[in-house]
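Participant: Structure incoming, see below.
The values are calculated or read from the model by the stated rules, or taken from the named source; none is laboratory data. The structure displayed is predicted, hence computed values, not measured ones. Quick reminder, even Gly has a Cβ in these numbers, built from the backbone with ideal geometry, and neighbours come from all protein chains shown.
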Amino acid sequence: MLLEVKEIHSYYEKSHILHGVSLGLKEGELVCLLGRNGVGKSTALKSVMGIVQPRKGSILFGGQELIGKEPYQISRMGIGFVPEDRRVFPSLTANENLLMGIRRGKNEAPSKQGWTIEKVYDAFPQLKQRKNSKGAHLSGGEQQMLTVARTLMGNPELMLVDEPTEGLAPTIVKDVLKMLSAIRESGVAILMVEQNFKASIKIADRFYIMSKGQIVFEGNGEALEAAEDVRKRYLEV
Amino acid sequence: MSDIPVFFLHGLVYAGLLFLISSGLTLVFGMMNVLNLAHAAFYMLGAYFSYSLLNATGNFWLSLIVCPLLLFFIGAAVERFLLRRVHVYGHVQELLITFGVAYIITESVKWIWGNYPLGVNLGGFLSGSVNLFGLFYPIYRLFMFFCAILISLIMATVLYKTRIGIIVRASVDDSEMVNTLGINVPLVFTGVFGFGAALSGFAGVIAGPLLTTYPGMAAEILVDAFVVIVIGGMGSLVGALVASLMIGELQSFGALLFPKLSLALMYMLMAAVLIIKPSGLFGEEQ
């Protein structure tokens with residue numbers, strides 16, 4: 001297992017958000033965490049990244065405990081984070097945004113994919129055209145590509161991606177999903193949070209469904225297609 | 001009115017001083033969301049350290065280097081050992097601790113150096129005057145302005161041409177994201193806080209010989225520096241520069257034309273800017 005989350009309990013201030021969440025990811029796997037709004041999907045990702053510190057449980061990455069570490073330490077171990085709402089640096093140019101993704105830690109994980117700024121521009125020609133534009137002036141789709149590309153610059157082994165298709169036009173949603181599968185093909189494991197299961201079912205290997213801070217379903221695409229009651233209960237509006 | 005060029009130059013000099021102080025204040029606010037009430041106390045410490053160092057060595061240039069360095073370490077220590085500990089409790093506590101630090105510094109200054117104004121006499125070529133197109137103007141004030149320009153240029157180069165600069169600007173935008181990209185943000189905070197304190201201390205060193213050194217000097221300039229960063233937009237360096245020039249000139253010409261109103265003019269300008277653009281001239285809309 002590349003990532004093992006065991007029985008974590010996370011809080012925002014006093015409210016108890018995650019009630020013993022456990023999940024796992026193998027090397028190179030693309031796993032999708034589904035569920036309605038407010039069930040704790042983003043909190044689960046933020047707990048892995050160290051932005052939210054779980055009060056109980058354990059998170060192992062390559063056998064090493066992540067709980068108690070700062071986000072920058074977790075990043076240096078080889079985990080990249082693509083946040084919800086894109087969060088590019090608005091006052092920096094696209095090029096500067098990418099430079100921010102370069103990791104320079106002492107105990108940096110060796111990079112398997114070897115992403116450099118040239119390679120990123122080859123993979124995202126649209127970003128190359130806009131390299132001197134400020135982050136704030138990019139379109140939503142361009143911003144989403146930029147956050148993903150910025151994270152790739154750090155050559156992570158695992159990428160945590162929070163609602164990558166939210167608020168994007170259907171044609172751009174397709175591009176983003178294609179981009180994520182291409183990244184997975186290059187050997188990066190991806191743990192993705194989504195609300196839109198129809199979009200993710202084409203690219204994910206396995207699914208977890210969350211409800212009220214707990215995992216209520218685990219299985220592959222076929223199992224999820226077959227489990228109509230589960231979808232009705234936890235996904236459909 | 002041959003006074004006009006003189007007061008214009010006075011305004012520029014004061015603007016330079018204000019920019020040295022407000023640039024650190026606005027960067028710290030932009031990154032850490034902390035309004036540092038102790039920032040002007042660092043400025044005052046710079047002036048007092050310089051006073052003592054000048055008495056001991058008589059070397060002003062030494063003072064220009066040593067005092068900001070001392071302030072860097074004091075600022076870094078305040079961030080590392082005080083601010084960071086109260087960070088989890090929220091903004092009010094952070095504000096209170098900087099207020100406490102300002103209070104302790106002011107009282108310590110009174111205790112060590114006395115509760116009365118101290119004058120600094122530089123002597124040498126800096127205390128002379130120079131003929132500028134038929135106008136005799138003190139060399140020292142020009143020197144202050146030159147220092148402010150030099151520091152601003154160095155700062156602009158670092159911020160816009162180096163990796164550290166990109167990291168600092170990115171942290172002003174979104175420090176949490178910077179942290180997730182593998183950059184030791186707590187260390188960046190300590191560094192920038194210390195650097196801001198050093199700049200403020202540097203301003204104190206160069207202000208000492210011109211303005212008197214006394215325990216109320218911090219509170220006096222803090223108000224102007226706050227007005228500058230509010231007008232310029234919290235977190236914006238360009239805003240701090242433009243607003244420093246506005247306030248510098250306004251204070252200078254206000255003192256010439258409407259001496260009784262000069263403080264009110266500053267608040268009127270601030271109110272006008274906030275009505276037109278609530279986030280300040282160069283501030284981002286929240």
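Participant: Would you mind stating whether B:Tyr116 is closer than 23 Å to B:Ser50 by Cα, surrounded by 14 or more Cβ atoms within 10 Å (Cβ to Cβ), over 18 Å from the mean Cα position of the chain (by Cα) and more than 14 Å from chain A (Cβ to nearest Cβ)?
Facilitator: Against the criterion (closer than 23 Å to B:Ser50 by Cα, surrounded by 14 or more Cβ atoms within 10 Å (Cβ to Cβ), over 18 Å from the mean Cα position of the chain (by Cα) and more than 14 Å from chain A (Cβ to nearest Cβ)), B:Tyr116 does not qualify.
Participant: Next question, about the same structure. If you scan the range A:32-66, which residues turn out to be β-branched (Val, Ile, Thr) and within 13 Å of chain B (Cβ to nearest Cβ)? Walk me through how you get there before you give the answer.
Facilitator: First, the residues of the range A:32-66 that are β-branched (Val, Ile, Thr): A:39, A:43, A:48, A:51-52, A:59.
Within the range A:32-66, A:Val48, A:Ile51, A:Val52 qualify.
Participant: So, one more: When you scan the range A:8-38, how many residues do you find that are under 21 Å from A:Met159 (Cα atoms) and in contact with a Lys or Arg (Cβ under 8 Å, 6 or more places away or on another chain)?
Facilitator: Selection size over the range A:8-38: 11.
Participant: If a residue counts only when it is more than 14 Å from chain A (Cβ to nearest Cβ), which helices (runs of 4 or more DSSP H) contained entirely in the range B:119-235 have at least 3 such residues?
Facilitator: Values: elements: B:139-161, B:163-180, B:185-207, B:217-232.
The helices (runs of 4 or more DSSP H) meeting that bar are B:139-161, B:185-207, B:217-232.
Participant: I need the full set of residues from the range B:236-260 which are under 22 Å from B:Cys147 (Cα atoms), in a helix (DSSP H, G or I) and small (Gly, Ala, Ser), in order please.
Facilitator: Within the range B:236-260, B:Gly239, B:Ala240, B:Ala243, B:Ser244, B:Gly248, B:Ser252 meet the criteria.
Participant: Test A:Pro71 against the stated conditions and say whether it is facing another protein chain (nearest Cβ under 9 Å) and either surrounded by fewer than 18 Cβ atoms within 10 Å (Cβ to Cβ) or at pLDDT below 90 (or both).
Facilitator: No.
Participant: Suppose we filter the range A:59-96 for residues that are under 18 Å from the mean Cα position of the chain (by Cα) and outside any loop (DSSP other than H, G, I, E, B); how many remain?
Facilitator: Residues flagged as under 18 Å from the mean Cα position of the chain (by Cα) and outside any loop (DSSP other than H, G, I, E, B) within the range A:59-96 amount to 13.
Participant: Go over the candidates A:Ala182, A:Ala136 one by one and state the one that is at pLDDT below 95, over 12 Å from A:Gly80 (Cα atoms), assigned to a helix (DSSP H, G or I) and within 12 Å of chain B (Cβ to nearest Cβ).
Facilitator: A:Ala136
Participant: Every residue in the range A:139-161 that is within 13 Å of chain B (Cβ to nearest Cβ) and either surrounded by fewer than 21 Cβ atoms within 10 Å (Cβ to Cβ) or of a type in the set (Lys, Arg) (or both), please.
Facilitator: Across the range A:139-161, the qualifying residue is only A:Arg150.
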